[in-house]
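Notes to accompany the following structure.
The values are calculated or read from the model by the stated rules, or taken from the named source; none is laboratory data. Just so you know, these numbers come straight off a predicted model, no measurement behind them. Here the Cβ is made from the backbone with ideal geometry for all residues, glycine too, and neighbour counts use every protein chain on show. Please note that ligands, DNA and RNA were not included when accessible areas were found on the heavy atoms of the full protein model with its side chains. Shrake-Rupley method; radii C 1.70, N 1.55, O 1.52, S 1.80 Å.
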Amino acid sequence: MGVIDRESVLAVLGRVIDPETGRDVVSQGLIQGLVVKDGNVGFSVEVDPRAGAAREPLRKACEAAVFALAGVTSVTAVLTAHRGEAPTQGHSHEHGHGHGHDHGHGHSHAPAKPAAAARPAAKPAIPGVASIVAVASGKGGVGKSTTAVNLALGLVRLGKRVGLLDADIYGPSIPRMLGIKGKPQSKDGHTLLPMRNHGLVTMSIGFLVEEDTPMIWRGPMVISALQQMLNDVEWGDLDVLVIDLPPGTGDAQLTMAQRVPLSGAVIVSTPQDIALIDARKGLNMFRKVDVPVFGIVENMSTFICPHCGETTEIFGHGGARVTAAELGCDFLGEIPLKLSIRVQSDAGVPIMIKDPDGPEARAYLAIAGEVAARLDSGAGARPAPRIIVS
């Protein structure tokens, strides 16, 4: 079995000729976001958006060329359009080669048939998953992922069957926070088995690439990866799937909110004014796409000195509660800024597991109780999808 690296992949792609120009795809700069790990190869083929699905044969040729390399077990080849103004596009799947984190799916974008003006497309459900809750923040660095992990573990303590999806493609942190190493397996070569620890099933792009490997992917490739981690994972029967969204209100967040049947969202912020400005943006994004916001969590609410136990309001205090009241949503609770929370997250044994009866774990458990109550009461429930013929 040969050694697969970027150079060998680029060498074989350099022999794929674009029939429209007579030049190879590498010299034209069509290959972007190349990632190689343990025989799994991912990249995007950038084309003129006006070409649409007509460029699908080129994507297939690139995929086939790479898959023919000795040692390649899977290929994710995504057709993207970033050159010029893109038309309205739909999304189609076509099965290709190999199996791995992409399961051999190829992705292309073709012009979509215009939908009826007042008929939003139904969001496909995830088989076996009863409810989906997004944990979001308007900006990074507010402890969103730590909150998502401990919220999910709190729901487990409340007797729920819980999954956790790390949707932060550029900065996946869930593998480290849950202390999970290794690579997902597949029983049938099509669907990945989620990783497990601390009573959770979970999936993250971090299981498929090295921790220090940058994900230099454009938007469409990120969306494709997220859709695969949602739909091509054997989640099993879950009461709740918690999605740790990337920070901000960009394309990935908006697409997930529009395409995934979210039962509700939890917004995480510090009490600092600058963080709350962005938290408002996140909350308003969900409202614009008709996703119920369960409430706001104030993280790093007060600093607790590890030596004397004294509390200090480093980022202020109570700002998230005030913001929640101003925006007409619930305040779910506050989490202190305490050294043990950070230490345990880095160690892969979250505070909910390390000290389940401590005050920090009780704070997370209370928030999990608020979320569970809304799910159990049907808050945020959506009507069954309709089949629309146009």
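Table: residues versus (1) within 20 Å of residue 152 (Cα to Cα); (2) open to solvent by 20 Å² or more (accessible area, probe 1.4 Å); (3) among the aromatic types (Phe, Trp, Tyr).
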site: 211; (1), (2), (3): no, yes, no
site: 223; (1), (2), (3): no, no, no
site: 245; (1), (2), (3): yes, no, no
site: 250; (1), (2), (3): no, yes, no
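Look through the range 131-146, keep the residues that are part of a loop (DSSP other than H, G, I, E, B) and small (Gly, Ala, Ser), and return whichever of them is surrounded by the most Cβ atoms within 10 Å (Cβ to Cβ).
Of all residues in the range 131-146, those part of a loop (DSSP other than H, G, I, E, B) come to 137-143.
Adding the requirement that they be small (Gly, Ala, Ser) leaves 137-138, 140-141, 143.
Details: 137: 30, 138: 25, 140: 15, 141: 10, 143: 21.
So the residue we want is 137.
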What pairs come out if I take residues in the range 1-23 that are under 14 Å from residue 67 (Cα atoms) and touching a residue at least 60 places away in the same chain (Cβ under 8 Å) and pair them with residues that are of a type in the set (A, V, I, L, M, F, W, C) and part of a helix (DSSP H, G or I) whose C-beta lies under 6 Å away, six or more apart or interchain? 9/66
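Considering each residue of the range 278-291, count those that are open to solvent by 40 Å² or more (accessible area, probe 1.4 Å) and either in contact with a Ser or Thr (Cβ under 9 Å, 6 or more places away or on another chain) or among the polar types (S, T, N, Q) (or both), and give that number. Steps first, please.
Keep residues of the range 278-291 that are open to solvent by 40 Å² or more (accessible area, probe 1.4 Å), which gives 280-281, 284, 287-288, 290.
If we keep only those that are either in contact with a Ser or Thr (Cβ under 9 Å, 6 or more places away or on another chain) or among the polar types (S, T, N, Q) (or both) as well, we get 280-281, 284.
Residues flagged as open to solvent by 40 Å² or more (accessible area, probe 1.4 Å) and either in contact with a Ser or Thr (Cβ under 9 Å, 6 or more places away or on another chain) or among the polar types (S, T, N, Q) (or both) within the range 278-291 amount to 3.
How many residues does the range 343-357 contain that are without any contact (Cβ under 8 Å) to a residue 12 or more places away in the chain and either among the small types (Gly, Ala, Ser) or open to solvent by less than 50 Å² (accessible area, probe 1.4 Å) (or both)? Explain how you work it out, then say what you get.
As a first pass, look at the range 343-357 and keep what is without any contact (Cβ under 8 Å) to a residue 12 or more places away in the chain: 343-344, 357.
Still in the running and either among the small types (Gly, Ala, Ser) or open to solvent by less than 50 Å² (accessible area, probe 1.4 Å) (or both): 344.
The qualifying residues number 1.
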Which residue is most open to solvent (accessible area, probe 1.4 Å), if the candidates are limited to the range 320-342 and must be charged (D, E, K, R) and in contact with a strand residue (DSSP E or B) (Cβ under 7 Å, 6 or more places away or on another chain)? 321
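I'd like to check something: does the range 48-57 contain any residue that is in a loop (DSSP other than H, G, I, E, B) and modelled with pLDDT of 85 or more? Please lay out each step first, then the result.
At the first step, the residues of the range 48-57 found to be in a loop (DSSP other than H, G, I, E, B) are 48-51.
If we keep only those that are modelled with pLDDT of 85 or more too, we end up with none.
Scanning the range 48-57 turns up no residue that is in a loop (DSSP other than H, G, I, E, B) and modelled with pLDDT of 85 or more.
Look through the range 299-317, keep the residues that are polar (S, T, N, Q) and assigned to a loop (DSSP other than H, G, I, E, B), and return whichever of them is nearest to residue 136 (Cα to Cα). Spell out the reasoning first.
If we filter the range 299-317 for residues that are polar (S, T, N, Q), which is where we start, we get 299, 301-302, 311-312.
Filter once more, keeping what is assigned to a loop (DSSP other than H, G, I, E, B): 299, 301-302.
Working: 299: 12, 301: 17, 302: 21 Å.
Checking each candidate, the answer is 299.
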Would the range 303-319 turn up any residue that is crowded, with 18+ Cβ neighbours inside 10 Å and touching a residue at least 60 places away in the same chain (Cβ under 8 Å)? no
Per-region count, the range 173-206, residues without any contact (Cβ under 8 Å) to a residue 60 or more places away in the chain and within 17 Å of residue 36 (Cα to Cα): 3
Quick test of your reading of the structure: residue 73 fulfils all but one of (1) modelled with pLDDT of 75 or more; (2) more than 26 Å from the chain's Cα centre (by Cα). Name the failing condition by number. (2)
Would you check if there is a residue in the range 147-155 being open to solvent by less than 50 Å² (accessible area, probe 1.4 Å), under 13 Å from residue 201 (Cβ atoms) and in contact with a Ser or Thr (Cβ under 6 Å, 6 or more places away or on another chain)? no
